[in-house]
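See below for the structure under consideration.
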Amino acid sequence: MKPAPFAYLRAATTEEALEALAAHGTEARILAGGQSLVAMLNMRLARPSLLIDIMRVPALGRVEVEGDDLCIGAAVRQAALERRPDLAREVPLLARALPWVGHYQTRARGTVCGSAAHADPSAEIPLCLVALGARVGLRRRSGRRTVGAEAFFAGTMQTECAPDEMIDRLIVPRRRPDTGYAFAEIGRRHGDFAIVACAAVAGPHGLRLAVGGVADRPVARDFPPLDGSALDDALNAFAWALGGRDDMHATARYRRGLVRRMGRQVLEEAMACRN
Ligand SMILES: Cc1cc2nc3c(=O)[nH]c(=O)nc-3n(C[C@H](O)[C@H](O)[C@H](O)COP(=O)(O)OP(=O)(O)OC[C@H]3O[C@@H](n4cnc5c(N)ncnc54)[C@H](O)[C@@H]3O)c2cc1C
């Protein structure tokens, strides 16, 4: 199938993109890497009358260290971040998770912020943002705001980004001292979306586990330092609280089992690599 007709604007500046969003509202869509949007256009699941291409806006193509954070602009492709030489030292969780996002060919086009905006509940990047307590920078013509990742993801492919807003950057905390990070996922084939994905952060004051692929958005839970059967009990309670359902990929029971087993695996791995 072919997309419905649309107009195309290649924005030269962020301000030009925001002007167009303000003028066209729900009729317009941001085009980033196109790896999700173009399929939606072809299937006519989205029928915008205007696409605003932001990939040639120089200000959006930067990755910058600002204090304790790594700031990732809206035009930064997933493969560019993956190739960043210092990423494993700066944000180890993202370095571990990015190779799981689709295929190298899709990462060569898709953007980090586009994955956050698309908000697939099984996607790896939103999961990492929630696990790390990252923030989402939103801009509209009349101003800007920042929303915590946990609040930003509002449901399956739903976010707090309003029709006249765009994500201009993600603000991701850099590696903290005495903290370990781990990531694991199960999918049908390499490059598929996760059936269940787990991201763990183990710090001096406790543990944090985020799970994707079960609820309608990535969900994180903080635990005090636990081990043995106390950790099993806490993971079991979390697995039930996520409220997964049977679907064509897996049963809810199978997913709960994965949360218990992979959750424990990533938490132990994160505790073991604290430094
Ligand atoms: C074969 C294949 C396999 C894939 N496998 C995976 C996978 O395993 N895991 C995974 O996570 N993803 C996977 N993806 C999706 C991929 O990661 C996409 O790149 C990502 O979901 C969207 O990023 P994009 O830059 O391509 O955004 P686009 O497709 O351009 O846009 C997606 C949506 O986000 C909006 N948008 C984009 N950028 C912004 C912004 N800055 N502000 C506001 N709205 C914005 C668009 O308007 C659109 O609604 C796969 C894709 C393909 C084609």
Between Ala237 and Ala12, Cβ-based FRET efficiency (R0 51 Å, step 0.05) works out to 0.50
Could you give log10 I(q)/I(0) at q = 0.21, 0.24, 0.25, 0.26 Å⁻¹ for the stretch 1-88, computed by the Debye formula over C-alpha point scatterers of equal weight, without solvent? -1.00, -1.14, -1.19, -1.24
Residue-span extension gain [Arg176 to Arg89] - 0.36 nm each, minus C-alpha spacing: 30.3 nm
Label points 7 Å out from Cα along the Cβ direction at Tyr254 and Arg56: separation in nm? 4.6
For the stretch 1-42, take N as its residue count and report Rg(C-alpha) divided by 2.2 N^0.38 Å. 1.22
Given the DSSP H assignment, sum -39500 (n - 2.57) over each helix run of at least 4 residues in the chain and divide by its residue total; what's the result at 222 nm in deg cm²/dmol, nearest 500? -9000 deg cm²/dmol
Multiplying the sequence separation of Glu27 and Arg188 by 0.36 nm and subtracting their Cα-Cα distance, what value in nm do you get? 54.4 nm
Quick one: the Cα spread of the stretch 58-173 along its three principal axes, in angstroms, biggest first? 36, 30, 25
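DSSP loop (so not H, G, I, E, B), at most 10 other Cβ within 10 Å: list which GluC sites (Glu not before Pro) in the stretch 128-184 pass both filters.
none
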Report the label-to-label distance for Met43 and Thr146 in nanometres (one decimal), using points 7 Å from each Cα along the Cα→Cβ vector. 3.5
Roughly how many debye, to the nearest 20, is the charge dipole of the stretch 17-65 about its Cα centre, given +1 on each Lys and Arg Cβ, -1 on each Asp and Glu Cβ, and no other charges? 180
Find, among the trypsin sites (Lys or Arg not before Pro) in the stretch 164-220, those assigned to loop by DSSP (not H, G, I, E, B) with at most 13 other beta-carbon atoms within 10 angstrom. Arg188, Arg189
Compute the distance from the alpha-carbon center of the stretch 15-58 to that of the stretch 203-260, in whole Å. 35
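When Lys and Arg each count +1 and Asp and Glu each count -1, what net charge do the other residues less than 11 Å away from Ala123, Cβ to Cβ, add up to?
Value of the local net charge: -2.
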With Arg47 itself left out, Lys, Arg at +1 and Asp, Glu at -1 over residues whose Cβ is under 10 Å from its Cβ give +1
Area of Ile30 that stays accessible when all protein chains are in place (1.4 Å probe, Å², to 10): 50
With a 1.4 angstrom probe the carbon and sulfur portion of accessible area for the chain, in percent, totals 50
Among DSSP beta bridges lying fully in the chain, give the percent that are antiparallel, nearest 5. 85
Sticking to Cα atoms, compute the Rg of the stretch 180-272 to one decimal and its Dmax as the biggest Cα-Cα distance, whole number, in Å. 12.5, 40
Local net charge near Glu16, Cβ-Cβ under 12 Å (Lys/Arg +1, Asp/Glu -1): 0
Can you put Met248, Met40 in order of accessible area, largest first, using a 1.4 Å probe? Met248, Met40
Solvent-accessible ranking of Thr159, Thr179, largest area first, probe 1.4 Å: Thr159, Thr179
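Which of the trypsin sites (Lys or Arg not before Pro) across the stretch 95-152 are loop residues per DSSP, with 13 or fewer other Cβ within 10 Å? Show your work: numbers first, answer last.
Numbers: sites: Arg96, Arg107, Arg109, Arg135, Arg139, Arg140, Arg141, Arg144, Arg145; in loops: Arg109, Arg141.
Passing sites in the stretch 95-152 do not exist.
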Quick check for you: with a 1.4 Å probe and neighbouring chains kept, what is the accessible area per residue of the stretch 187-270, in Å²? 50
Under the Karplus relation 6.51 cos²θ - 1.76 cosθ + 1.60, θ = phi - 60°, what is the ordered set of whole-Hz ³J(HN,Hα) values for the stretch 131-138, x standing for Gly and Pro? 4, 8, x, 6, 10, 10, x, 10
Taking every C-alpha to C-alpha distance in the chain and binning by 10 Å from 0, the per-bin percentages run 7, 30, 35, 20, 7, 1
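The values are calculated or read from the model by the stated rules, or taken from the named source; none is laboratory data. Nothing here was measured: the structure is a model prediction, and the numbers come from that model. Positions of Cβ are backbone-derived with ideal geometry, glycine not excepted, and every protein chain shown enters the neighbour counts. These area figures cover heavy atoms from the full protein model, side chains too; ligands, DNA and RNA do not enter into them. Shrake-Rupley method; radii C 1.70, N 1.55, O 1.52, S 1.80 Å.
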